[in-house]
Structures are given as C-alpha cells and as structure tokens.
Amino acid sequence: MKLVVVLMLSALALSCYAGSGCQRLEEVIYDATDPSVTKAEFTKSLEEFIPGDTTEHLLGELKQCFLDQSNRTLSNMKVMMDAIFDSRQCASY
C-alpha cells in the first residue's frame, strides 16, 4: 500500500512539470500527510475539485491511508516531497 501511495504522489509531482503550479499541489500533499488534518477538513479543502460523492469518498480513503501511517513514515514522505519540489526542474514553476 505504501508503494501505491508513493507512486501516486510521485505522479502528482510530475504535474508540476506541466506548469500547474507547485504551491497548490504542495498544500494538498501537506494536508494529506498532516495527521492533524481530518478527513473532513481534507475533503473540504479540495471541495472545488470534487465533482461528486464518489470522488469525495475516494479522497477520504486516500487521507485515511495517510492517517494509518506512522509519524516516521509521514515525515519521510514530507522529506521526499520537499526534495521534489525544491528540485531544479520544479523550481522554475
């Protein structure tokens, strides 16, 4: 399961190369990996991007995956995402 989450977030980071803007993506990833953010708060912060109940339910499941991880794993995840977002390729966006 951890591999799936890492691959999914790595794929999200690639959208930075398309010029979608890293700031919003960083906020979403930070909220996803922050254990103090509840599932309800997480889905509410993405409300403008949620077309229906199915998407909302799946985002809740995604957040639950992060809530089930240890603090060490979440910390490592944040280090990895910081390395991606601070990379030379992403910095120009």
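Each reported figure results from applying straightforward, stated rules to the coordinates on display, with no laboratory input. Model, not experiment: these values are computed from the prediction.
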Seminar exercise, completed: A chain fully extended from Met80 to Ser36 at 0.36 nm per residue, minus the present Cα-Cα distance, gains in nm 13.9 nm
For this session: Give the cross-link partners of Lys63 among the aspartates and glutamates, using a straight C-alpha distance below 20 Å as the criterion and excluding same-chain residues fewer than 8 apart.
Result: Glu26, Glu27, Asp31, Asp34, Glu41, Glu47, Glu48, Asp53, Asp82
